[in-house]
Structure formats: structure tokens, C-alpha cells
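K.L.:
Mind looking over this structure? Questions follow.
The values are calculated or read from the model by the stated rules, or taken from the named source; none is laboratory data. Bear in mind that the values here come from a model prediction, so they are computed numbers and not experimental data. Counting neighbours? That spans all protein chains shown, and the Cβs are built from the backbone with ideal geometry, glycine included.
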Amino acid sequence: MNEAGQFEPKIVAYVCNWCTYLGADLAGTTRLEYPPNVRIIRLPCTGRIDFNLIVKAFEIGADAVLVSGCHPGDCHYTAGNYHARRRWILFRELLEALGFEMERIHFTWISAAEGRKWQQVVTEITEQTRKLGPYKNLYADTGNGSLPIPEAAPAVDQPAGSEGSLRQRCHQLLADGTVKVVIGYGTGGPVCVTKPADVGRLVWNNQCSSNLTTYLKRQEVRKLGRAAIVVKVCDERALVVLEKESQLDRKDLHVMGMACNGMGQPKCATCDVRVPRFADEVIGEVASVPLAGPPNAAPRGGAALEVLLAKSPAERMACWAREFERCVKCYACRQVCPLCYCERCIVEKNRPTVIDPSPTVKGNFAWHITRAFHLAGRCIGCDECTRACPAGIDLRLLNLSLAKAAEEHFGYRAGINRDVEPLIGAYSLQDKENFIR
């Protein structure tokens, strides 16, 4: 508040060192007046502006955030702003699903010669934020709403004879030395079979919903030698992503695809392909479902996400605040995810501490925002994070929001097409920027 009792917003501006910062400096040297509400934080490039910085600005009391850098084609580092633009497109969708007030987050291109544009942008944002008032709903649990109940597809019996064919084929692979271990499903959970006589432990039924590809990143499994792995279509997509990210070599792996009628899980409601397309061999057939849909077909379902997005930002924020309050930071979501393979997770870094390791409101929001965005353009929708969560938090909705954004803006689905380059780490000159001033 100022002396007259009028609210004065606090605005944090993350700016590029080579363009926007010089544009702001030009506004000062040419005596252009603009509101003093902005706090400038200079970074080398917009490509270096981490999404956590935007969240942290709100956590320390900012009422609005501005991110600004070089115009496309003028980046000092050639393509930093192109990469940033693509990440912002996806990150905005995640923040919207979480219930952040998007009218408080601004993006713009300002060159070193555009001091007057800097003046205009800061003035407009200050006036707009002043009308909005202070940001009070961040992480606030207001209201009695809850996350929508996820829809689940009915469980259908798996193809007859698949289990017997699986055991017979695995016995042959182990007996002739083609593989040293088979990673498959047992009656009590995942099993690793190393002897032909033990293939009777393998099963294939409606309880085989877990994603076995997560075990490929474990050193104790890799030491067993060349492996055969049993996969469904949703698991196969993880193999495609891991191969593109150079985390495995398919020559060292024998992929046994299983035709799947669905496991009765929420993820099955969004599945439109039932037979693996990139496996070394496929066991079983699904007569009632096409062998494979178009490589980039949009998934079915997502009704729970639509219900969530129909709520107001304050209601969405309240829903997630109530959900994350139950999080105990056990990191089961990270451990079970086949695409979380960093040797040292960001949550374990304490010089400086990026994410509060204790289960506080801020720490829980920061962790789940980070986890979700690190999977942007990578999550294959196996929903293992939700299944493994002991608190029953429906984390799949965050992943679905990013998957939906990837499809709508880029026509991209993770793990569907082996010939398409990864979404994050690439860019296109045609990426939309209608949200950038």
C-alpha cells in the first residue's frame, strides 16, 4: 500500500541480459518514466529462465511476473528464445491446470532498442495488476471442492492362450541363451526369471497393469545380462522415449509385446491402441480392436481433466492444495516412473536448495510442479505415479494437462512415433506465440 492507501503491486521481471535488460536501461537513460513497481532480475538468456523461478516469485510475494527476452531471430545464443517459447507454451498449460491466475503471468519480446516498449509494457502490467489486487489465492484451500473422480475403462479378459504362449516363448529364449533374464509379471508382482524351469512363474491377466520398463534403469537388473521384457502398448511407449534419450540400446533388449484388452485402469480409458507396434514379437491378438491407430491419433477420454479445467482458478488451486496437503514426500511417484532416471534428483540438491525437502505446502507444490514439467513431452500415460502414491493423489491429471497441450499445440504424443524428435529440446520457427506481447 502507498501513503494514500492504494494497493501497489510487486512485479518481478526476469529479463534477458542482451536485449530486454538493455532496453530497460535505455528507458532509464532517455528519461522515460514508468511505474517503480518492477524488480528486474537479469539472466543470460530467456532459455535460462527456469519455470521454478516464476513459481518462486509468487511464493515470496510477487503479484505479477514478467518474462522478457530477445525477439525471435535475435538471440545472442542463436536459439535460446525459441527453446524458451516452446517451454512456456507447455508450462502455461500446467499452471492453468493447477489454478494459477494466468492474467498475472506475462511474456514479451523487447530488444535493446525498444526502451519505449519497456515503458509501455511495465505501465500496462502495473495498471492491470493494480486492478486485480494482491495475489491472495496462491496455495489457498478455499471451498469444499475436490478433484474429479478418474474415469476407468471396464476390465476385459486378456486374449485366450496368451499366458501359455508367453511361457513357452520365454522358455525357448532362456534355453537357447538369446536372453539371460525375462522381466515379466508374476502372481505377486513383477518377477525376473533367469532359468527356463521357472517360466511357470510368469502370468498374463488383468492384474498386469504395472509398467515393467522402470526396472531397466536398475543396475542390479542390467548386471543380469541381455533381457527380454514383457510390455503392453503403454509400456512400449516408454521404451521409445528412453531409446530416443539414449538411456537404452534396443540391441541389448528383446521386447515381447502383449496384445491387451485393457486392465480396467483409468489409463485404459485414454488408450486407443491395443497391440504393440515396435516390439520384436507380439503375443496374442485383439479381434475387436484395430491392430494400431494412426501414429499421431488423439487419445480418447480425459473427461476428468475437462471437469477440472471447467472449475475457476481459485477452485482448482483449492483442489490441489487439499490434495498436496496429504503428500508426505515419499517420492514413490519418482521411483516408479520409467522416465525418472537422473542419478541425482533435483529435490536432493541442497547447494542451493531448489525444492524444500520437507512436506510443506510450498515444498509439495514445488515438487509436483517440477516432477510434472520434467515429464512434459515425455510422459507416456502409464499412470504409475498415481497407482504408487500412498496418499491417493491423482497425479495423472497434471500429466494429462501437459499431454493435452502437446497434442493441441504441436500434434505430438510421447512414444508414439519413433521417427519424430523429442518435443522439449527442439523447436520450430512456426511455434505459436499469441500469448507473447
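K.L.:
Is at least one residue of the range 169-189 in contact with an Asp or Glu (Cβ under 8 Å, 6 or more places away or on another chain), assigned by TED's automatic domain parsing to the domain that holds D235, farther than 16 Å from H254 by Cα and in a loop (DSSP other than H, G, I, E, B)?
P.N.:
Looking only at the range 169-189, we keep the residues that are in contact with an Asp or Glu (Cβ under 8 Å, 6 or more places away or on another chain), and these are 169.
Among the residues that remain, those that are also assigned by TED's automatic domain parsing to the domain that holds D235 are: 169.
The next check asks that each one be farther than 16 Å from H254 by Cα; those that pass are none.
There is no residue in the range 169-189 that is in contact with an Asp or Glu (Cβ under 8 Å, 6 or more places away or on another chain), assigned by TED's automatic domain parsing to the domain that holds D235, farther than 16 Å from H254 by Cα and in a loop (DSSP other than H, G, I, E, B).
K.L.:
Hey, among L216, L248, L224, which residue is closer than 24 Å to E343 by Cα and part of a helix (DSSP H, G or I)?
P.N.:
L216
K.L.:
If I filter the range 1-27 down to residues being of a type in the set (G, A, S) and in contact (Cβ under 8 Å) with a residue 12 or more places away in the chain, which single residue comes out as farthest from I436 (Cα to Cα)?
P.N.:
Here is the first cut: in the range 1-27, the ones of a type in the set (G, A, S) are 4-5, 13, 23-24, 27.
Filter again for in contact (Cβ under 8 Å) with a residue 12 or more places away in the chain, leaving 13, 23-24, 27.
Values: A13: 14, G23: 17, A24: 18, A27: 20 Å.
Filtering first and then ranking leaves A27.
K.L.:
I'd like the residue in the range 407-437 that is in a loop (DSSP other than H, G, I, E, B) and hydrophobic (A, V, I, L, M, F, W, C) and, out of all such residues, is nearest to K117 (Cα to Cα). Lay out the reasoning, then the answer.
P.N.:
Here is the first cut: in the range 407-437, the residues in a loop (DSSP other than H, G, I, E, B) are 411-423, 425, 427-435, 437.
With the extra rule that they be hydrophobic (A, V, I, L, M, F, W, C), the set shrinks to 414, 416, 420, 423, 429, 435.
Details: A414: 39, I416: 43, V420: 38, L423: 32, L429: 23, F435: 16 Å.
Ranking the qualifying residues of the range 407-437, first place goes to F435.
K.L.:
Could you please let me know if N206 is assigned by TED's automatic domain parsing to the domain that holds F278, of a type in the set (S, T, N, Q), buried (at least 21 other Cβ atoms within 10 Å of the Cβ) and under 22 Å from I380 (Cβ atoms)? Walk me through how you get there before you give the answer.
P.N.:
Details: assigned by TED's automatic domain parsing to the domain that holds F278: yes; of a type in the set (S, T, N, Q): yes; buried (at least 21 other Cβ atoms within 10 Å of the Cβ): no; under 22 Å from I380 (Cβ atoms): yes.
Judged against the criteria, N206 is not a match.
K.L.:
Being surrounded by 19 or more Cβ atoms within 10 Å (Cβ to Cβ), within 21 Å of K432 (Cβ to Cβ) and modelled with pLDDT under 95 narrows it down to one of I54, I110, I105, so name that one.
P.N.:
Values: I110 fails: modelled with pLDDT under 95; I105 fails: modelled with pLDDT under 95.
Answer to the selection: I54.
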